[in-house]
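The values are calculated or read from the model by the stated rules, or taken from the named source; none is laboratory data. Being a predicted model, the structure only gives us computed values, none of them experimental. Glycine also receives a Cβ, built like all others from the backbone with ideal geometry; neighbour counts cover every protein chain displayed. Protein only, heavy atoms only, side chains kept; ligands, DNA and RNA dropped before computing areas. Shrake-Rupley method; radii C 1.70, N 1.55, O 1.52, S 1.80 Å.
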Amino acid sequence: MADVVSLRREAPEETTTLESGVLRLTLSNPPANLLSLEVMRDLQAELDRAAKDPAVRVIVIGAAGKLFCAGHDLKQMTAHRADPDGGKAYFEETFDTCSKLMQSIVRHPKPVIAEVDGVATAAGCQLVASCDLAIASDQATFGVNGINVGLFCTTPGVALVRGLKPKHAMEMLLTGEMVDASTAREFGLVNRVVPREYLSQVVMKYAKTVASKSPETLRLGKEAFYRQAEMGLAEAYDYASRVMVENLLAGDAKEGIAAFIEKRKPEWKGE
C-alpha cells in the first residue's frame with residue numbers, strides 16, 4: 001500500500017503504510033470533496049510535512065467517492081455574506097489559502113501526481129492543472145464553470161494558462177462547459193487517460209517509476225523546469241546551464257553516470 005492520508009472536514013484518523021516512497025493524499029469529504037478552508041489547510045499541512053520527509057519521493061493526490069473535486073464550498077462562502085463586511089475577509093482568506101496551496105504544489109521539492117476519476121471543476125480543475133502530472137480515468141470530466149454562476153474562474157485560470165494553450169484555457173473559462181477526459185488530454189490538462197478499473201494501478205506505476213530516480217535530481221530538475229519557464233529565452237538558458245553544472249557536481253549524478261558506464265544499477269544517496 002502507498003502512504004495514505006485522508007483529508008476531511010473533521011480531524012482525520014491517519015493510516016500510513018509506505019511502498020516505494022509514494023505518499024497518497026485522498027480528498028475524502030464526499031459527495032463533492034470540496035476544497036473548504038479546513039480541507040485546504042489539511043492538504044497544505046500534509047504537503048509541508050512531506051517536503052521534509054526523506055522517505056517520501058512522490059506524492060499522489062486522489063479522491064474518494066464519485067467526484068474528484070467540485071472546487072470551493074460555495075455554501076460555506078455564501079454563509080459568510082452575513083458577516084459585517086459582507087464576507088470580504090473570509091473570501092480573501094479562502095483565495096489566499098488556495099493560492100498558497102497551488103503554489104506549494106508547483107514549488108514542492110517532490111513530484112506531485114493527480115489521480116482523477118469523476119468530476120473536477122473550478123478549484124478542483126485548478127488542483128489538477130497545478131500538479132506535475134495528471135492521469136485520468138475515461139470517466140473523468142473537467143470544467144471551470146464559475147462563469148455559469150456569474151463568477152469568472154480567475155484563479156484557476158492562472159494554472160490553466162500555464163499548462164494549456166491560451167485559447168484552450170479561454171474556451172473552458174468563457175463557456176463554462178465540461179470537457180471529457182480525451183479532450184482534457186488533447187488540451188494538455190492530463191497526461192494519460194485510462195479505463196477506470198486500471199486508474200490506480202497506472203498511477204502507481206508512474207509514481208514508482210518517478211520515485212526510483214535520484215531524489216536530489218528530481219528536486220533540482222522540478223524547480224528548474226518551472227523557474228526557467230517564467231524567464232526570457234537567454235535568461236532561461238543561463239539559469240538552466242548553471243543548474244546543469246550544479247547537478248553534474250552532485251553526488252547522485254557522479255553515481256548515476258558511473259553506474260551507467262559500469263553497467264550496474266545506481267545507488268542514490270540523495271546528495
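Points worth noting:
- Residues satisfying the stated conditions in the range 187-202, i.e. open to solvent by 30 Å² or more (accessible area, probe 1.4 Å), under 16 Å from VAL22 (Cα atoms) and touching a residue at least 40 places away in the same chain (Cβ under 8 Å): SER200, VAL202
- Residue within the range 136-151 that is part of a helix (DSSP H, G or I), open to solvent by less than 40 Å² (accessible area, probe 1.4 Å) and farther than 18 Å from GLU230 by Cβ present: yes
- Scope the range 245-257; condition in contact with a Leu (Cβ under 9 Å, 6 or more places away or on another chain) and open to solvent by 80 Å² or more (accessible area, probe 1.4 Å); matching residues: GLU246, LYS254, ILE257
- Positions within the range 65-91 being under 16 Å from the mean Cα position of the chain (by Cα) and among the aliphatic types (A, V, I, L, M), in sequence order: ALA70
- In the range 216-241, the residues that are within 19 Å of ALA55 (Cβ to Cβ) and either outside any helix (DSSP H, G or I) or open to solvent by 60 Å² or more (accessible area, probe 1.4 Å) (or both): ARG219
- Here ALA184 meets each of (1) in a helix (DSSP H, G or I); (2) in contact with a Ser or Thr (Cβ under 6 Å, 6 or more places away or on another chain); (3) crowded, with 24+ Cβ neighbours inside 10 Å with one exception, condition (2).
- In this entry, ARG162 is excluded by the filter for residues that are within 26 Å of LYS66 (Cα to Cα), open to solvent by 90 Å² or more (accessible area, probe 1.4 Å) and in contact (Cβ under 8 Å) with a residue 40 or more places away in the chain.
- Of the residues making up the range 203-215, those that are surrounded by fewer than 17 Cβ atoms within 10 Å (Cβ to Cβ) and in contact (Cβ under 8 Å) with a residue 24 or more places away in the chain number 2.
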